[in-house]
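Worksheet for the structure shown next.
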Amino acid sequence: MTTSGTKTTAADITADAVASFDGCADPRTRELMQAFVAHLHAFATEVRLTEDEWRSMIAVLTQTGDITDERRQEFILWSDALGLSMLVDALAHDLPPGATESTVLGPFYVPGAPEREYGESMAEEAGAGTPAWVHGRVLDLDGNPVAGAELDVWQNGADQLYAVQRPEAPEHHLRGRYRTREDGGYAFIAVRPVPYPIPDDGPVGRMLAATGRHPWRPAHIHMIIRAPGHRTVTTHIFDARSDYLDSDTVFAVKPSLQRDFRERAADDPERPPGIDGGWVSLESDIVLTRGDAGGDVSDPGRTA
Ligand SMILES: [Fe+2]
């Protein structure tokens, strides 16, 4: 509190607001709220936030709520586009060297993908894209195979879209859950993913346009890998030859997650069953860390 007769300063207001949480019984809630208010006030003070800018920020938050529904999660999009999702992921998953690195879940994960057989295609519509034979092994840090690991996979098609973005698409198009065999091996038929823009017709898109940023993500396949006795990993495989690897609008690219798609001819003797015409192949081993599964970020509250 300030003394009667003296001028109240900006710093006084910040100190009062921070102190208002001193009596919070839960220490973590108190820490979060006091640090949040202190940093929010420091931001406004540093940039000398104007009243018009403050009103604009309120309008942006209101628009973010208005556009968010079961299929569109603009708050996650803000978190992704500001790099916060990747930061929280890095803080939560400090994996040892050699383990497959994690990256963002993104807004297009839908739980409950169908279980599919080894080598089965997850494309349920014709013309989804160039067939891609994706295979490898799931190993632990000592190089031992991890049998029975689950790979929960989803991706976009050549039209840039995920099935969840198209109400007319088959529900399970381009997604599936695969299990590793005794030797840790997995394989599935995907399509070659393509770069795509994040939804940019809302407040996040307007921010990108106003700041000279593009909305594009490099081509990738999403995966969550779960195995008993091992930490769950949420990650991507990036096409090492994709555009936008050096400017992913959600900052999710890590060098260790890039892999080469090999172009294959229709008459290639290694062509797997279920593929016709030209195709590509991609090999990627996954290395898990022993431990508890850990927080699985793939809960319905995060999906869109
Ligand atoms: Fe994606």
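Taken together, the values in this text are just the output of simple stated rules run on the coordinates, not laboratory data. Source: prediction; values computed, not measured. Note: ideal-geometry Cβ built from the backbone for every residue, glycine included; neighbour counts use all protein chains shown.
Express the C-alpha Rg of the chain as a ratio against the empirical globular expectation 2.2 N^0.38 Å, rounded to two decimals.
Numbers: Rg = 23.0 Å, N = 304, 2.2 N^0.38 = 19.3 Å.
Relative to the rule-of-thumb radius for its length, the chain sits at 1.19.
Both numbers refer to the Cα atoms of region 1-151; Rg and Dmax are 24.2, 78 Å. Restricting the calculation to alpha carbons of region 83-157 gives Rg and Dmax of 15.4, 41 angstrom.
Extending 7 Å from Cα along the Cβ direction at Glu46 and again at Asp69 yields two label points whose distance is 3.8 nm. The angle separating the long axis of helix 51-67 from the principal Cα axis of greatest extent in the chain is about 40 degrees.
In bins 5 Å wide, starting from 0, what share of all Cα pairs of region 185-290 does each bin hold, as a percent? Reading the bins upward from 0: 2, 10, 18, 17, 16, 14, 11, 7, 3, 1, 0. Taking label points 7 Å from Cα along the Cα-to-Cβ direction, Ser20 and Lys7 give a separation of 2.4 nm. With R₀ set to 41 Å, the beta-carbon distance separating Ala35 from Asp243 gives a calculated FRET efficiency near 0.60. For the peptides 134-146, 224-236, the ranking by mean Cβ contacts within 10 Å, running from highest to lowest, is 224-236, 134-146. Which angle between 0 and 90 degrees, to the nearest 10, do you get for helix 10-19 versus the longest principal axis of the chain when only C-alpha atoms count? That helix lies at roughly 70 degrees to the long axis.
Can you compute the FRET efficiency between Ala158 and Val60 using 1/(1 + (r/R0)^6), with r the Cβ-Cβ distance and R0 = 25 Å? Round to the nearest 0.05. FRET efficiency, Ala158 to Val60: 0.15. Mean projection of the Cα convex hull over all viewing directions, computed for region 106-222: 8.7 nm². In order along region 20-33, phi translates into HN-Hα couplings of 4, 9, 4, x, 5, 6, 8, x, 6, 4, 4, 4, 4, 5 Hz, rounded to whole numbers, per the Karplus curve 6.51 cos²θ - 1.76 cosθ + 1.60 with θ = phi - 60° and x for Gly and Pro. Its Cα centre serving as origin, the chain has a Cβ charge dipole (Lys and Arg +1, Asp and Glu -1) of approximately 280 debye.
With a simple spin-label model that places each label point 7 Å from the Cα along the Cα-to-Cβ direction, the separation between Leu87 and Asp276 comes to 5.1 nm. Highest mean packing comes first when the peptides 254-261, 171-178 are listed by Cβ atoms within 10 Å, giving 171-178, 254-261.
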